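The values are calculated or read from the model by the stated rules, or taken from the named source; none is laboratory data. All figures in this text were calculated on a predicted structure; none of them were measured in a lab. With ideal geometry, Cβ positions are generated from the backbone for all residues, glycine too; neighbour counts draw on all protein chains shown. Just the protein is used for accessible areas: all its heavy atoms, side chains included, with ligands, DNA and RNA removed. Shrake-Rupley method; radii C 1.70, N 1.55, O 1.52, S 1.80 Å.
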Amino acid sequence: MTVSILIFLPVISALAVLLFKNGAAKHVALAFSVAELALAAIFLSKFVPDASIQFAVVAPWIPKLGIYFNAGIDGISMIMILLTTVLVPLIILTTYKHEYKNANAFYALILFMQAGMLVVFTALDGFLFYVGWEAALIPIYFICSLWGGVNRIKVTIKFFIYTFSGSLFMLVGIIYLYLLSPTKTFDISAFTTTGAVDAHHQVWVFWAFFLAFAIKMPLFPFHTWQPDTYTEAPSAGTMLLSGIMLKMGIYGVIRWMIPIAPLGFQKYEGIVIVLAVIGIVYGSIIAFTQKDGKRLVAYSSIAHVGLIAAGIFGWTTMGLQGAMYQMLSHGINVVGLFFVWDIISSRLNTREVNELGGIAKVAPKFAIAFLIITLGTVALPLTNGFIGEFMLLNSVFRYNVWLVVSAGSTMIFGAVYMLRMYKKVMQGETNPLTALFADISGSEKLVLGIICALVIIMGVYPQPILHISEAAVNNLVQTVNTKFVQVK
């Protein structure tokens with residue numbers, strides 16, 4: 001059994017979904033996404049949590065140019081596969097109470113996007129990685145531009161220009177590495193071989209990859225496409241972007257940029273950490289001022305991603321493990337938050353925080369679910385958000401105590417604005433608008449129930465997930481640190 005099954009099943013699923021019309025399309029899409037999750041569970045059951053690449057496939061693609069379909073799974077990849085295969089069926093479930101024009105195309109694009117993201121998370125060939133990167137971008141462009149809000153065209157074009165421009169920098173970097181390679185190959189193992197790329201070339205490679213990944217995350221000051229896109233995209237598109245797609249940038253930093261250009265990373269890590277901390281502060285301050293609930297969550301996401309980036313560039317084993325855990329936790333929590341606002345806006349036709357209030361009195365089940373997800377987002381101990389944030393702050397602390405003070409204080413601000421949002425929306429007296437709010441039922445209850453269970457289970461017992469990536473993370477840190485020592 002190879003990883004190719006995991007990659008191609010969503011492609012086949014997407015083509016199959018196109019054959020169905022109206023309501024049937026969502027049921028077929030959900031069935032295929034659950035099958036993909038079951039397949040990922042089989043891979044997980046057979047996975048050995050060491051530093052090796054498993055379930056690998058190496059097939060000639062364009063061998064004359066050194067291009068192979070080369071993919072595999074290690075502990076770092078497995079976390080991202082779990083994130084993708086768990087969230088996609090949940091995201092499809094969140095759409096069950098919506099009607100979409102050309103629903104078969106909508107759900108097919110979601111599954112095509114899943115395939116592209118799985119290529120990114122498993123690729124061991126630079127050309128294949130780039131193909132997956134672009135293959136994930138194209139479906140979300142159409143999802144946002146065809147089913148988004150009033151300003152969707154302008155916002156989506158801005159998003160596409162930003163991300164595609166970053167992708168071109170990465171493509172230049174990949175071709176540059178190919179030309180430097182003595183064997184003319186795109187294999188990541190050749191790119192990361194000690195001495196294959198000298199310090200001078202590594203600086204250029206570092207910035208080529210960094211621009212692509214920083215835009216995708218997004219990291220300050222490359223974030224300006226994000227709030228508008230998250231706000232205008234249909235809720236399922238926003239969840240795909242925030243829950244999974246932005247993790248492609250973080251994963252690219254860990255899997256490609258740092259191992260390939262460790263000396264460029266060592267030279268400029270201080271600049272990136274400062275940018276990340278600025279992003280934490282900026283995202284938190286701007287979130288304070290937001291009146292639109294969906295936009296508030298978008299800016300809070302910038303702050304959380306900034307902390308993940310800062311923890312990675314602090315370059316400790318704990319920081320890298322924290323980044324892996326927080327990517328999974330953030331994906332779950334942010335999908336939950338955007339679904340909460342999707343429920344509110346679909347019932348009340350508004351996302352203005354100041355227009356709401358007292359919903360907990362008429363919808364207690366919804367209030368409990370919203371509270372659990374909010375507490376996970378603000379990193380309350382015994383929730384999933386606490387584990388990753390603690391490890392990431394520890395990494396930043398080891399790098400610079402003043403930076404961790406700045407990052408940590410804004411995490412406190414994050415708790416304030418999130419809890420303030422919850423209080424305004426859910427507590428107090430009901431008004432004529434919120435008095436008719438119906439409590440969650442059916443697919444809504446199922447999705448929020450699963451998310452709340454994950455928030456609690458991952459917070460109480462994180463070890464199984466940490467164990468999956470532990471060996472791969474340790475091996476990566478040791479390998480990169482060895483290259484630092486060799487230069488010194």
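Over the Cα atoms of segment 387-429, compute the convex hull volume and normalise it per residue, giving Å³. List each step's numbers first, then the result.
Working: hull volume 2.3 nm³, N = 43.
For segment 387-429, the hull spanned by Cα atoms encloses 53 Å³ per residue.
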Checklist entry - What is the gain in length, in nm to one decimal, between ALA453 and THR289 on full extension, counting 0.36 nm per residue of separation less the C-alpha to C-alpha distance? => result 56.0 nm
Item to check | Square roots of five times the Cα gyration tensor eigenvalues for segment 179-272, Å | outcome: 30, 15, 9
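Using only alpha-carbon positions, what ratio does the radius of gyration of segment 228-358 give when scaled by 2.2 N^0.38 Å? Could you put the intermediate results ahead of the total?
Details: Rg = 16.4 Å, N = 131, 2.2 N^0.38 = 14.0 Å.
Ratio of Cα Rg to 2.2 N^0.38 Å: 1.17.
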Item to check | Charge sum, other residues only, whose C-beta stays under 15 Å from PHE160's C-beta, Lys/Arg counted +1 and Asp/Glu -1 | outcome: +1
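Using only the Cα atoms, work out Rg/Rh for segment 365-488, with Rh taken as the Kirkwood radius, to two decimals. Intermediate results must be reported in sequence, preceding the final value.
Values: Rg = 19.9 Å, Rh = 17.6 Å.
Across segment 365-488, the Cα-based Rg/Rh ratio is 1.13.
Which value results for Rg/Rh of segment 422-481 when Rg is the Cα radius of gyration and Rh the Kirkwood radius based on the inverse mean 1/r?
Radius of gyration over Kirkwood radius for segment 422-481 works out to 1.31.
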Next on the checklist: Considering only protein heavy atoms and a probe of 1.4 Å, how much of the accessible area of the chain is carbon and sulfur, as a whole percent?
Outcome noted: 69
Checklist entry - With +1 on each Lys and Arg Cβ and -1 on each Asp and Glu Cβ, how big is the dipole of segment 24-175 about its Cα centre, in debye rounded to the nearest 20? => result 540
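Longer than 19 Å from Cα to Cα, which of LYS294/LYS361; LYS291/LYS365; LYS26/LYS101; LYS97/LYS361 are they? Say none if no pair is. Intermediate results must be reported in sequence, preceding the final value.
Details: LYS294/LYS361 22 Å; LYS291/LYS365 24 Å; LYS26/LYS101 12 Å; LYS97/LYS361 23 Å.
As for pairs spanning more than 19 Å Cα to Cα, those are LYS294/LYS361; LYS291/LYS365; LYS97/LYS361.
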Checklist outcome for this item: Restricting to Cα pairs under 8 Å and 6 or more apart, the percent relative contact order of segment 365-449 works out to 34
Next on the checklist: To check my understanding: the extent here is largest minus smallest coordinate of the Cα atoms along each principal axis. What are those three numbers for segment 76-206, in Å, largest first?
Outcome noted: 56, 33, 19
Checklist entry - Taking 0.36 nm per intervening residue step and subtracting the Cα-Cα distance, what contour gain separates ASN349 from SER441 on full extension? => result 31.3 nm
Checklist entry - Taking only the alpha carbons of segment 309-363, what extent do you get along each of the three principal axes, in Å, biggest first? => result 46, 18, 18
Next on the checklist: Students often get this wrong, so try it: which of (i) 1.09; (ii) 0.96; (iii) 1.20 is Rg/Rh (Cα atoms, Kirkwood Rh) as calculated from the structure shown?
Outcome noted: (ii)
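Give the shape of segment 1-88 as rounded, prolate or oblate, defined through the alpha-carbon gyration tensor: a ≥ b ≥ c are the square roots of its eigenvalues, a/c under 1.5 means rounded, and otherwise the shape is prolate if a/b is larger than b/c and oblate if not. Show your work: numbers first, answer last.
Details: a/c = 3.11, a/b = 1.41, b/c = 2.20.
In terms of gyration-tensor shape, oblate.
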Checklist entry - For segment 77-134, rounded, prolate or oblate, judged on the Cα gyration tensor with a ≥ b ≥ c (square roots of eigenvalues), a/c < 1.5 rounded, else prolate if a/b > b/c? => result oblate
Checklist outcome for this item: Between LYS361 and HIS201, the two model label points (7 Å from Cα along the beta-carbon direction) sit apart by a distance in nm of 6.9
Item to check | Other-chain or far-sequence residues with amide H under 5 Å of PHE47's (modelled H) | outcome: none
Checklist entry - Farthest toward the dipole's positive end in the chain, which of VAL155, GLY385, PHE206, given Cβ charges of +1 (Lys, Arg) and -1 (Asp, Glu) about the Cα centre? => result VAL155
Item to check | Stretchable slack from ALA31 to LEU15, in nm (0.36 nm times residue separation minus alpha-carbon distance) | outcome: 4.4 nm
Checklist entry - What is the dipole size for segment 107-198, taken about its Cα centre, with +1 at each Lys and Arg Cβ and -1 at each Asp and Glu Cβ, in debye to the nearest 20? => result 440
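Nothing charged except the Cβ atoms of Lys and Arg (+1) and of Asp and Glu (-1): what's the magnitude of the dipole of the chain about its Cα centre? Round to the nearest 20 debye. Before the final figure, lay out each step's value.
Values: 28 positive and 20 negative charges, 108 e Å.
Its charge dipole is roughly 520 debye.
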Checklist entry - Under 11 Å from the 7 Å Cα→Cβ point of VAL150, by amide nitrogen: which residues of segment 217-240? => result none
Checklist entry - What percentage of all Cα-Cα pairs in segment 16-145 are separated by more than 23 Å? => result 39
Checklist outcome for this item: Residue-normalised value, i.e. accessible area per residue, for the chain at 1.4 Å probe, in Å², stands at 36
